[in-house]
Structure formats: C-alpha cells, structure tokens
Amino acid sequence: MSEDLKKKVKELIVRQLKLEMDPATIADDAPLFGDADGGLGLDSIDALELVLGVEKEFGIKVQDEEVGVKAFASVNALCEFVRGKAA
Amino acid sequence: MDFQPLPHAFPFRFADGVVERTGPAQGRVRASVTANAAAVRATGFPSAALAELVAQSALLLEGGDSALGRKGFLAGISDFVVERLPEPGDVLTVDVAIAGRLGDTVKFEGVVRDAEGGAIARGAVTVKQGSA
C-alpha cells in the first residue's frame with residue numbers, strides 16, 4: 001500500500017482531531033476506536049470529524065455508519081477504503 | 001414501565017421554535033431571552049448556553065418538539081466564538097445548517113444573531129440523536 005497515502009491519512013487524523021501527537025507514531029494497524037492497547041481511543045464524535053476530513057481531503061462521502069465503522073477501523077482500513085473509492 | 005420525560009423549561013430550554021426551513025436540517029430558529037430566567041438573574045447568560053441554543057435549534061430542525069423534547073443532546077462544541085452575551089429581552093435568531101452526519105451523530109454550523117441581524121456567536125456543535 002502506498003506509504004504516501006498512509007502518511008496523508010495519519011496527518012489527516014491528527015489535524016482533523018486536533019491531536020497532540022506525531023502522525024508517524026500512529027501504527028498502521030492500530031485500532032482507531034475503543035480502548036485496545038496501542039489504539040487511539042477515538043469515539044463516535046471523532047468518527048464524524050474523520051468523515052468530514054475524508055470528504056474534504058479525498059472528496060469521498062461517508063454517511064452509512066456501518067461503512068464508517070469499517071472504514072475507520074485503522075489507518076490500513078482507511079487507506080483501503082480511500083483506494084477502493086478512487087478505483 | 002415507559003419513562004415519559006417531563007418537558008424541559010428554562011434555563012434548560014432556550015429555543016422557542018422554527019421560524020423558517022431552508023433545507024434538510026437547515027433553517028432559522030427563534031429564541032427569546034427571558035428576564036425571569038434563573039441563569040440570567042444569577043450570573044448572566046452563560047457563553048456555553050449559546051452553544052446549547054445552537055444544538056437545541058438544530059434538533060428542532062431535525063424534527064424535535066420545542067415543548068416535549070428535542071430527540072437528542074449536545075455532544076460536542078468546536079470553534080465556537082462568542083462576540084457578546086445576550087441580555088434579558090433580546091429576541092435572537094439562530095441560523096443552522098448541517099455540516100455532516102454519521103449515523104445518529106450530526107454536526108451543525110450555527111450563527112446566533114440579535115434582533116438587528118448582527119452575529120453575536122457562531123460555531124459548530126455536534127449532537128447525538130436519541131436519548132442520553
């Protein structure tokens with residue numbers, strides 16, 4: 001998977017959620033939601049912010065919560081989702 | 001046993017009703033700042049209440065009822081700027097437009113205006129639809 005896209009997605013997450021962390025420290029496969037070890041511990045409010053960020057950055061609309069939950073599971077999942085929509 | 005919530009009164013209810021609908025979850029809501037409101041008497045109208053007003057306005061436009069409840073609650077505030085606080089007797093209007101939605105989580109942009117149309121507060125609120 002494109003490292004450029006992963007970098008872009010990580011920067012988007014940090015910028016959109018106003019996180020105080022280095023985007024590079026987000027693991028590609030770490031869960032974005034929930035309290036699992038290594039995860040970011042995001043919640044549904046953050047998910048909506050990511051939806052708005054993805055729409056702005058990539059021009060992709062996400063309105064179905066089920067799709068959103070899968071797409072935002074991890075950086076890898078979000079990259080797959082963006083690549084799938086772009087294809 | 002079914003729980004039937006009592007109607008909320010001021011200081012919990014700020015938005016009076018929908019004045020105009022301009023699109024899905026978009027429109028204008030009226031809010032009267034009453035002189036006998038406890039919040040106004042004691043400490044003045046709190047800044048945070050303006051964000052709550054935008055949320056209540058948004059939920060009214062989403063189909064809530066001003067007397068019986070708004071089918072949701074304020075869950076987040078972002079980039080909210082207050083230029084001035086309203087005073088008793090002010091009649092405010094709130095222009096609200098949807099910014100994004102994911103399931104029952106909805107973000108709205110809102111502008112609170114005074115009777116002359118000047119913006120006294122603006123910003124975004126996120127609401128969760130349904131019960132807390």
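Assorted remarks:
- Near B:Ala121, the amide H atoms lying under 5 Å from its own belong to B:Glu83, B:Val112; only residues 5 or more places off or on other chains count, and H is placed 1.01 Å from N.
- Chains B and A together bury roughly 1000 Å² of accessible area, counting both sides, with a 1.4 Å probe on protein heavy atoms only.
- Within the straight-line cut-off of under 16 Å between alpha carbons, the lysines reachable from B:Lys128 are B:Lys71, B:Lys107, sequence neighbours fewer than 8 places apart in one chain being disregarded.
- Only the Cβ atoms of Lys and Arg (+1) and of Asp and Glu (-1) were treated as charged; on that basis the dipole of the stretch B:16-129 about its Cα centre amounts to roughly 260 debye.
- The equivalent ellipsoid that matches the C-alpha gyration tensor of chain A spans semi-axes of 17, 15, 12 angstrom, in descending order.
- For the stretch B:117-124, backbone phi angles converted through the Karplus equation (6.51, -1.76, 1.60; θ = phi - 60°) give residue-by-residue couplings of x, x, 6, 9, 7, 8, x, 10 Hz, Gly and Pro being listed as x.
- Calculated accessible area for the stretch A:40-87 comes out at 51 Å² per residue, all protein chains present (probe 1.4 Å; ligands, DNA, RNA ignored).
- Computed extension gain for B:Leu85 through B:Ala119, at 0.36 nm per residue and net of the alpha carbon distance, reaches 11.2 nm.
- Once divided by 2.2 N^0.38 Å, the Cα radius of gyration of the protein assembly as shown becomes 1.16.
- Rolling a 1.4 angstrom probe over the protein heavy atoms with all chains in place gives the stretch B:16-129 an accessible area of 44 Å² per residue.
- Computed from backbone phi, the HN-Hα couplings of the stretch B:46-53 come to x, 3, 4, 5, 5, 5, 4, 4 Hz, rounded to whole numbers (Karplus: 6.51 cos²θ - 1.76 cosθ + 1.60, θ = phi - 60°; Gly and Pro given as x).
- With DNA, RNA and ligands ignored, accessible area of A:Glu65 (1.4 Å probe; Å², nearest 10): 80
- Helix-only CD estimate at 222 nm, as mean residue ellipticity for the protein assembly as shown, using -39500 (n - 2.57) per DSSP H run (n ≥ 4): -9500 deg cm²/dmol
- A cut-off of 5 Å between modelled amide H atoms, ignoring neighbours fewer than 5 places along the same chain, links A:Leu42 with A:Phe33, A:Gly34.
- Solvent-accessible surface (1.4 angstrom probe) belonging to A:Ile60, in square angstrom, nearest 10: 20
- Value in Å of the Kirkwood radius, where the stretch B:16-129 supplies the Cα pairs that are averaged: 13.9
- Gap separating the Cα centres of the stretch B:95-121 and the stretch A:1-65, nearest whole Å: 25
- Table column - 3J(HN,Hα) (Hz), the stretch A:62-75, Karplus curve with 6.51, -1.76, 1.60, x for Gly and Pro: 10, 10, 7, 4, 5, 5, x, 4, 6, 5, 9, 5, 7, 4
The values are calculated or read from the model by the stated rules, or taken from the named source; none is laboratory data. This is a predicted model, so every value here is computed, not measured. Positions of Cβ are backbone-derived with ideal geometry, glycine not excepted, and every protein chain shown enters the neighbour counts. Quick note on the areas: whole protein, heavy atoms, side chains included, nothing else; ligands and nucleic acids left out. Shrake-Rupley method; radii C 1.70, N 1.55, O 1.52, S 1.80 Å.
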